[in-house]
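To keep things clear, I will list the structure first and then write my remarks on it.
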Amino acid sequence: MISGLAGVIIWSENIDRLVNFYHDVLDLPIHSVRSDFVVFSFGDVRLSIGQHSGVQGFSKDPNRVMLNLATDNIQATYEHLSERGTPFLRMPERENG
């Protein structure tokens, strides 16, 4: 029986760029590092970024996968990320979930 979400993996041929964003810009804590796989930890849930031989080039649909990350203060987080050069497609707002 499935009891919850254990984690998400983002496959890319350029993991360094993604790891820099999630660690250096979003300040996510790194759980473990290998040369081709980095894992970030949120309690019991893992966000992993890895290289995969079947993933090459840019996605044909870059909006296909979206990660929704929680924050206690969406406006402060928006300002912090904007100061670090993070582009936004729209103004942040509280999502009903």
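The values are calculated or read from the model by the stated rules, or taken from the named source; none is laboratory data. Just so it is clear, the model here is predicted, and its values are computed rather than measured. Cβ: placed from backbone, ideal geometry, glycine included. Neighbour counts: every protein chain shown. Please note that ligands, DNA and RNA were not included when accessible areas were found on the heavy atoms of the full protein model with its side chains. Shrake-Rupley method; radii C 1.70, N 1.55, O 1.52, S 1.80 Å.
What tally of residues in the stretch 58-73 results from selecting those that are more than 16 Å from the chain's Cα centre (by Cα), open to solvent by less than 100 Å² (accessible area, probe 1.4 Å) and modelled with pLDDT of 80 or more?
1
Using beta carbons and a limit of 9 Å, which pairs, at least six apart or on different chains, have the first residue in the stretch 1-13 and exposed (fewer than 10 other Cβ atoms within 10 Å of the Cβ) and the second one in a strand (DSSP E or B) and at pLDDT 85 or above?
From the stretch 1-13, the pairs are Gly4/Val45; Leu5/Val45; Ala6/Val45; Ala6/Arg46.
Looking only at the stretch 22-57, filter to residues that are among the small types (Gly, Ala, Ser) and at pLDDT below 90; which one of those is most open to solvent (accessible area, probe 1.4 Å)?
Ser53
List every residue pair whose Cβ atoms sit under 8 Å apart, with the two residues 6 or more apart in sequence or on different chains, where the first one lies in the stretch 76-92 and is farther than 15 Å from Met66 by Cα and the second, anywhere, is open to solvent by 100 Å² or more (accessible area, probe 1.4 Å).
Hits for this filter: Tyr78/Met91.
Within the stretch 74-85, track down each residue that is open to solvent by 90 Å² or more (accessible area, probe 1.4 Å) and more than 13 Å from Phe21 (Cα to Cα).
Answer for the stretch 74-85, where residues must be open to solvent by 90 Å² or more (accessible area, probe 1.4 Å) and more than 13 Å from Phe21 (Cα to Cα): Glu79, Glu83.
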